[in-house]
Each structure stands twice: as C-alpha cells, then as structure tokens.
Amino acid sequence: MKNTKRWAANVRKVTPYVPGEQPQGTDILKLNTNENPYPPSPGVYESHRKLDVSRFSLYPELSARSLVENLAQYHGISEKEVFVGVGSDDVLSMSFLTFFNSGKPVLFPDVTYSFYPVWAEVYQIPYECQPLKEDFTMDAADYEKENGGIVIANPNAPTSIGLCTAAIEQIVRANPEVVVIIDEAYVDFGGESVLPLIHKYDNLLVTRTYSKSRSMAGMRIGYAVGCEELIQALNDVKESVNSYTMTTESIVLGAASLKDEAYFQDCIAKIVQTRERARDSLISLGFDVKESQTNFLFASHESIPARQIFERLREKGIYVRYFDKERISNYLRITVGTDEQMRRFLDETAQIVSEK
Ligand SMILES: *Cc1c(COP(=O)(O)O)cnc(C)c1O
C-alpha cells in the first residue's frame, strides 16, 4: 500500500531483519533459530526461585553492575572492559551506532548474519560486502582495504564455518584506525576465540551472547569485551539512548549462569557429539554438510532442492531455516537439538529423500 500521508517523506525507511518463525504447538520440532535444546543451568532455576519480586518496583542496578562484575571475573578481565546489553543484537546495534561514523564503508562478508546490513541501513552507515570464497570460507586479505570498520561473525552464520585466530589477528592488525567487531555468538561450540587479544589490540571488540550456548535466549543477555576506551564509548552512547535496558531479573540470572561451569561444558559437549552424528547421517543421505564449529549444520542435498525439503519438513511440523537468498538458496540451516530430536528430524528427512 502506498503511503500518502503528508509526513511520509520524513520517515526513516528500512527493511527490517526477518527472524526465524516461532511456531506454537505441542508436536512442533523447532530447529530454526539455533536455540539450545537443554534448559538453563540448575543455578539459574535456583536464583529464579529466590528472586525477590518486591525489587521489581525499583529500577535495575545502574549499568547492570553485578552482571558486569561477574562477567569480568569469569573472563579474567577488568570490569571496565565489559559492556552488557539486551541480547547481543542490542550490543551489536549499539556498537554500529558508536563506532561506525567515518562515512567510509563498513566491511562484512556477503554471506553472514543478515542483521548487519539492517543496522547499517537504519543508522545510515555505508557498507560493502566482501564475497566469501566458493566454499564459503573467508579470505582475510579481503579486509585490507580502506574502510570505516569491520564486523565478522566467527564462527560465521549461517555457514557454520570458523576462522582461525591468526586470520582474525591479521585483519585486526591491518586496520588499526577502525574498530573490528568479532561476533562470537557461536564460539563456545568449538570456534577459536580472540577474546584474549583485547589486551593486545585497542581496536578489537568481541561480542558474545547467552542465547545459544547458555540456553537463555528468552532472557535477552549479550555482552561485548574490549579495551576500556571502547567500552566507555559504548556506555556513553547507550546511556544517551536508554539508561536502563536490562531487567533486574536478567542481571541476576545472567550472573547465576556463570557459576555452573560444569553444567555449561556438559551441555556443549552433548550438542557437539549430536552435531557430529547428525552430520554423518546427513552425509549418508546425500547431503553436502559444511564442517560446523557451531550448534547448527549448513547442508545442501545433491538432488533435492533445499526449498522443497524445507517445505516438506514444515508440513511434518519440523522447522529448519531456509534463506531465499543468492548463493545460499539451496542450503538449509539446521539447529542441533537433542539426540531424540535429531532422530526425528533425520527419520523424516530420510523419508523425504526416499520419496524422490
Ligand atoms: C543469534 C545471533 C546473534 C544475536 O543473539 P542475541 O539473542 O541477540 O544475543 C548475534 N549474532 C549472530 C551471528 C547470531 O547468530
């Protein structure tokens, strides 16, 4: 519908990011948004039970202080090197707003997290996509040109492929005049983290999330780590937009999650094992499956179009992610669930393949 309102010319125009579907229902198998199939840690349940609801009448702690302290301690860094936000989407959005102001194009791969171009558009930041190689791996040399900042998901989504520390370090070192953001949303599932490099490079910002490896997507917790000056700049901008973003509940439960390291590692180990078994099964069904360092698989069948498999699975109540986009329109992104969930997915997929 054409907007004929007289104020229409003054409206900021943007095409929003499209998240995966959130279907409701009992027999639905949701493997489309990379959520963790396991519950949050026992300590999170415990803290939730003890939460003093009367505190909700007060504003949350300034700068989510106790969560910042716990994260700093967890990573062995200073509190001044940690910024927290409402999911890493909030943290990344604030980072675009804070650091990408040169007027020069921001660089990121052509196949990556599809929120990056959306933030660039909404904040009116010019950007330029660097094509990944044919096999979806990245060439660090593509990032050694004039630019206004760089953002790289490592491991990358939706390809599931990770880049080694040396390659990331090469990019960070080649670009001392801009901020390089490394989005480590999936790093806990087997990627190489560059978090320790924040003490070596003052232009490196690393972002993390509780939504995948910490089974807390619904709590909306994300954070960034970087040198003190980067974090200060982020806090200044954030506090110019909205001082109190994180709730009292997410601050308390976010801190509690960090206390259960054994549980955390155990869930990750299970997902990694399930991932490797599911990958083998998909390969034997005729899929090409990228080697994954994440909690999802990126797969393409040798003869059946991805869209067709996606639609057939959906009819059976199984939701995977399909992107109708150049280069990746014949791939499916499948979140790794529990062994039982993957058995159902693989049985139904085998059925679809055998119908051909
Ligand atoms: C899931 C995801 C995020 C954002 O997660 P939040 O739920 O907002 O913390 C950021 N980057 C990538 C690459 C992701 O896949």
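Remarks
- Against the empirical 2.2 N^0.38 Å (N residues), region 269-356 has a Cα radius of gyration ratio of 0.99.
- Potential extension, ARG277-SER114 segment - 0.36 nm per residue separation minus Cα distance: 55.9 nm
- Note on the chain: with charges restricted to the Cβ of Lys and Arg (+1) and Asp and Glu (-1), its dipole about the Cα centre is near 1120 debye.
- Stokes-Einstein diffusion for region 1-155, with the hydrodynamic radius set to the Kirkwood value over Cα pairs and evaluated at 20 °C in a medium of 1.002 mPa s, equals 108 µm²/s.
- Environment charge at SER41 (Cβ cut-off 10 Å; Lys +1, Arg +1, Asp -1, Glu -1): -2
- Just so you know, the averaged projected area of the alpha carbon convex hull for region 137-188 sits at 3.5 nm².
- Semi-axis lengths (Å, descending) of the ellipsoid that matches the C-alpha gyration tensor of region 164-214: 21, 11, 8
- Summed residue charge, Cβ within 14 Å of ALA140's Cβ, Lys/Arg positive, Asp/Glu negative: -2
- 24 Å Cα-Cα reach of LYS50 towards lysines, excluding residues that sit fewer than 8 places from it in its own chain: LYS259
- Cβ-based net charge around VAL178, under 10 Å, with every Lys or Arg adding one and every Asp or Glu removing one: -1
- When +1 charges are put on Lys and Arg Cβ atoms and -1 charges on Asp and Glu Cβ atoms, the dipole computed for region 171-227 relative to its Cα centre reaches about 200 debye.
- Of all DSSP beta bridges confined to the chain, the antiparallel ones make up roughly 50%.
- Which of ILE268, PHE296, SER281, positive extreme of dipole for region 225-299 (C-beta unit charges): SER281
- Between VAL187, VAL44, VAL91, the residue with the greatest mean-square fluctuation in the GNM of the chain (Cα pairs under 10 Å linked by springs) is VAL44.
- Hydrodynamic radius by Kirkwood, which averages 1/r over all alpha carbon pairs of region 203-356, in angstrom: 18.2 Å
- Farthest positive-ward along region 213-356 dipole, Cα basis, beta-carbon charges - from ILE328, ILE231, ALA217: ILE328
- Contact order, relative form, for region 133-203: 36 percent (alpha carbon pairs under 8 Å, 6 or more residues apart, mean separation divided by residue count).
- Computed about its Cα centre, the charge dipole of region 211-356 is approximately 420 debye, with only Lys, Arg, Asp and Glu carrying charge at their Cβ.
- Interchain or long-range residues, amide H under 5 Å from ASP110's placed H: GLN130, LEU132
- When Rg and Dmax are taken over the Cα atoms of region 169-285, they come to 17.2, 54 Å.
- In plain terms, the C-alpha convex hull of the chain casts an average shadow of 20.0 nm² when viewed from every direction.
- Pair ASP135, GLU355: separation of 7 Å Cα→Cβ label points (nm): 3.4 nm
- Computed over the chain: relative contact order in percent, which uses C-alpha pairs under 8 Å that are six or more apart: 23 percent
- Relative contact order %, region 188-269, counting alpha carbon pairs below 8 Å whose residues are six or more apart: 27 percent
- Candidates SER213, SER47, SER257: whichever shows maximal mean-square fluctuation once the chain is modelled as a Gaussian network with Cα springs under 10 Å: SER47
- Taking ALA278, ALA141, ALA153 in turn, the Gaussian network model of the chain (Cα-Cα springs below 10 Å) assigns the largest fluctuation to ALA141.
Since every read-out is calculated from the coordinates, none of them should be taken as a lab result. Just so it is clear, the model here is predicted, and its values are computed rather than measured. Virtual Cβ from ideal backbone geometry, glycine too; neighbours counted across all protein chains shown.
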